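What follows is a set of notes on a single structure, which appears directly below.
Any read-out appearing in this document is the output of simple, stated calculations on the displayed coordinates, not a laboratory observation. All of these numbers come straight from a predicted model, not from anything done at the bench. So basically every Cβ, Gly included, is an ideal-geometry build from the backbone, and we count neighbours across all protein chains shown.
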Amino acid sequence: MARRTAAEADVSVTLLTYNAGPLLARVLKAIHEQETARRFEIVAVDSGSTDGTLAVLAQYDAHVTEIPQREFDFGLTRDLVFEESSGRVVVCLSQDAVPAHERWLDSLVAPLDDPAIAASCGRSVPDPDRAYAQFVWERNGLFYFTREMRAFVAKYGRGLSNANSAVRREVWERLRFGAQPIGEDFRFQTKLSAAGLAIAFPDGAEVLHHHAYTLRSLYKRCRNEGLGLRALDCAYGGKDLLHDCANRTVWRAWARELVRGNLRAPASLLFPIVRPSAVFVGSALARGYLR
């Protein structure tokens, strides 16, 4: 389906892009191939791409706003792409999240036809065509084993992810994301909770999306998550660190994965120590985010 003009859009599919690489064309092609009666537009904010990302966005008739990389902030840039869009429903999609099938958009947006639902969030599933394998601790469901995430889920429920979500525009206009260097989706979820607004997690709204990590990128992500969750009253202290480093469930999984030959990469092998240690540094010691 071709992009509609802003005045005609029912749904805005928004992306925050930066050197998205060849995968972006797959993402945009999958959006255009959606089988839906809903009129939609594609809107992106790009923060200084130099790899041809802008040309690919133009090829798929996306409306693009450019900002310097130094100005990027997940919360404020997310607000900007919402401002540049026009649909009564705004979809957030990661630049490397490929809609899994032609009914993805309808499945993601349909729950918002219920006025009691403020936001919707679809699952991410492994991409069989990706050049790199899914991180083993993501695949086995233990990536977020640490206590700060369990505290968040206990307070707010299953986590909202802007890798694949939809928000009613009128709700965003009331709450907005605000300045948030990382974890703007979790902060927005706390605002939804405080306002008594519901999130749907529909089946059938999957995207193909997974990660791989080096030791450096794993440490950076976990440290930043610790800092972000501290700001949401989910702090992580020394007792949490000691408890999680001795988590028997995680170490049993580590032993199984080791026997299967799945821990060859340093990030995978050292994950049970790196994640809690990095979260602790972010939550207890850090003063700013790593970029």
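Observations, loosely collected:
- GNM flexibility winner over the chain from 128, 272, 202 (Cα, springs under 10 Å): 128
- Relative contact order of segment 215-285, pairs being alpha-carbon contacts under 8 Å that are 6 or more residues apart, as %: 61
- Axis angle, to the nearest 10 degrees, between helix 248-259 and the longest C-alpha principal axis of the chain: 80 degrees.
- 14 Å Cα-Cα reach of residue 239 towards aspartates and glutamates, excluding residues that sit fewer than 8 places from it in its own chain: 148
- With K and R counted +1 and D and E -1, the other residues having a Cβ less than 10 Å from that of residue 23 yield a net charge of -1.
- Spatially proximal lysines relative to residue 191 (Cα-Cα < 22 Å; intrachain offsets below 8 disregarded): 155
- Relative to the longest principal axis of the Cα atoms of the chain, helix 147-156 runs at roughly 40 degrees.
- Loop GluC sites (Glu not before Pro), segment 118-210, which have at most 12 other Cβ atoms in a 10 Å radius of their Cβ (DSSP): none
- A Förster distance of 45 Å, applied to the separation of the beta-carbon atoms of residue 249 and residue 203, puts the FRET efficiency at 0.95.
- The chain, relative contact order [Cα under 8 Å, separation at least 6], %: 20
- Extension gain, residue 71 back to residue 140 (0.36 nm per residue minus Cα-Cα distance, nm): 21.3 nm
- Dipole magnitude of the chain, debye to nearest 20 (Cβ charges: Lys/Arg +1, Asp/Glu -1, about Cα centre): 1420
- Projected label points at residue 114 and residue 8, each 7 Å from Cα along the beta carbon direction, are separated by 3.2 nanometres.
- Label-point gap, in nm, between residue 270 and residue 102 - each point 7 angstrom along Cα→Cβ: 4.8
- Charged neighbours of residue 135, selected by a Cβ distance under 15 Å, balance to +3 (K, R count +1; D, E count -1).
- Fraction of beta bridges assigned by DSSP in segment 21-167 that are antiparallel (%, nearest 5): 65
- Of the trypsin sites (Lys or Arg not before Pro) in segment 96-198, those whose Cβ has at most 14 other Cβ within 10 Å and which sit in DSSP loop: 158
- For the chain, DSSP calls about 35 percent of its internal beta bridges antiparallel.
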